[in-house]
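The values are calculated or read from the model by the stated rules, or taken from the named source; none is laboratory data. From a predicted model like this one, the values you see are computed outputs, not experimental measurements. Heads up, the Cβs are rebuilt from the backbone with ideal geometry, glycines too, and the neighbour counts pull from every protein chain shown. These accessible areas exclude ligands, DNA and RNA; they are computed on the full protein's heavy atoms, side chains included. Shrake-Rupley method; radii C 1.70, N 1.55, O 1.52, S 1.80 Å.
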Amino acid sequence: MSFERFHQYRTTPEIREKYAEVKLSADQFIIPLFVVEGQNVKQEIPGLQHVFHLSPDCLLNEIDRLKYRGINKVMLFGVLENSQKDEEASAAYQKGSLIAGVVEKIKQVHPDVLVYTDVCLCGYASHGHCGVFTDVNLDNEKTIQLLAKMAFVHAAAGADFVCPSAMMDGQVYAIRQLLSQNGLAKTKILGYSAKFQSSFYDPFRGAANSAPRSGDRKTYQIDYRTTRQALDEVGADINEGADWVMVKPAHAYLDVIGKVKERYPDVPLAAYHVSGEYMIIKAAAAAGLVDESLAALEVNTAIKRAGADFIISYMTDVLYKFFK
Ligand code: PBG
């Protein structure tokens with residue numbers, strides 16, 4: 001009997017390295033950061049271990065530290081007190097908003113850092129939904145105009161990428177139009193194109209104080225039993241003018257990542273390893289069940305191997321020692 005021999009590819013670290021098809025590097029990672037008002041605030045977020053609420057001054061220090069490790073892409077989320085919210089989410093798109101102020105500061109001190117901003121109303125609306133309502137109905141057309149205003153405020157402050165995550169129809173179109181009309185055509189759009197309705201966002205909603213006060217997001221986020229809609233949503237975002245697209249969550253959606261990359265090979269694809277997926281690894285490591293950094297390395301490598309070009313990951317900082 002004859003058989004093929006595979007052990008020869010695995011005998012030493014050097015040989016395994018030679019045959020590795022996927023490598024992680026700092027330039028593939030985007031780290032999410034949560035901004036709060038105030039000064040000298042660096043507070044670990046309950047339920048999202050080792051992730052912090054940062055006031056603008058502390059956020060700048062954090063970026064300093066990350067840059068030292070070669071990490072130069074950040075995704076910003078604004079976190080408000082309930083008293084600052086209203087039904088129309090006005091704090092999201094007013095001039096001089098929390099995020100606009102932070103973006104300006106980052107760009108002054110660290111012009112070489114790429115700034116991505118989340119564009120969604122859920123953290124700013126008193127009802128906690130991603131859009132606004134007319135009577136009892138979510139008003140898609142009104143919402144996309146507000147999302148466009150929010151994106152405009154971020155872009156005018158110097159954001160490199162605005163990233164609509166509200167899953168409203170036409171949100172990329174509305175943003176692209178308003179930016180072009182106002183001389184900001186160079187600002188890029190990263191669409192959260194294939195964003196599924198998921199349990200794995202729960203720790204984030206605690207962190208961003210953005211959980212819906214009633215109901216859920218099933219009427220606008222994708223039902224995870226369909227792949228077809230995810231592929232179509234990605235195609236629609238590309239047609240509307242998205243520069244990059246995203247699949248979210250990532251770990252439980254590797255098949256979708258693979259199919260999106262196959263269907264749209266030329267469009268940069270990001271995948272978001274979300275808060276609940278992150279906490280699964282943290283909790284297993286805390287229970288002594290897995291080695292945290294090796295588990296993180298394996299999962300993030302799998303996301304890359306599936307077809308993601310970029311990964312938005314709370315583990316960026318854990319992974320940096322493996323970067324090539
Ligand atoms: C805003 C938004 C969410 C996440 C990113 N942007 C939450 C949601 O849709 O409920 C989730 C990120 C994470 O879980 O890490 N809409």
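Applying 1/(1 + (r/R0)^6) with r as the Cβ-Cβ distance of T134 and R305 and R0 = 45 angstrom yields a FRET efficiency of 0.50.
Rolling a 1.4 Å probe over the protein heavy atoms leaves K304 with an accessible area of roughly 40 Å². Between L294 and K142, the FRET efficiency estimated from the beta carbon spacing at R0 = 56 angstrom works out to 0.75. Between the helical axis of 98-109 and the dominant principal axis of the chain, each derived from Cα atoms, what acute angle in degrees is found, rounded to the nearest 10? Here the helix axis deviates by roughly 60 degrees. The separation of region 131-157 from region 236-254, counted between C-alpha centres, amounts to 20 Å.
Annotation: lysines with alpha-carbon distance below 19 angstrom to K324 (same-chain offsets under eight excluded): K18, K23, K67, K73, K304. With every protein chain in place and a 1.4 angstrom probe, the accessible-area ranking of T143, T134, T301, T11, largest first, reads T11, T134, T301, T143. The share of alpha-carbon pairs in the chain lying farther apart than 32 Å comes to 26%.
Can you give the translational diffusion coefficient of region 4-141 in µm²/s, computed by Stokes-Einstein from the Kirkwood radius over Cα pairs at 20 °C and 1.002 mPa s?
On the way: Rh = 17.8 Å.
The estimated diffusion coefficient comes to 121 µm²/s.
Dividing the mean sequence gap of close Cα pairs (under 8 Å, 6+ apart) by how many residues the chain holds gives a relative contact order of 18 percent.
Hey, got a sec? Which chymotrypsin sites (Phe, Trp or Tyr not before Pro) in region 1-104 land in a DSSP loop and have at most 16 other Cβ atoms within 10 Å?
Details: sites: F3, F6, Y9, Y19, F29, F34, F52, Y68, F77, Y93; in loops: F3, F6.
Loop-located and lightly packed - F3, F6.
Take 121-128, 81-88, 314-321 and order them by the average number of nearby Cβ atoms within 10 Å per residue, most first; the result is 121-128, 314-321, 81-88.
Subtracting the Cα-Cα distance of R65 and K186 from 0.36 nm times their residue separation leaves 40.7 nm of extension gain.
Taking the DSSP bridge list for the chain and keeping only pairs wholly inside it, about 15 percent are antiparallel.
Working note: 222 nm ellipticity from helices only, DSSP H runs with n ≥ 4, each -39,500 (n - 2.57), summed and divided by the residues of the chain, gives -11500 deg cm²/dmol to the nearest 500.
As a test, work out the antiparallel percent of DSSP beta bridges whose residues both lie in region 85-242, rounded to the nearest 5.
Details: 2 of 10 bridges.
Counting only bridges with both partners in region 85-242, antiparallel ones make up about 20 percent.
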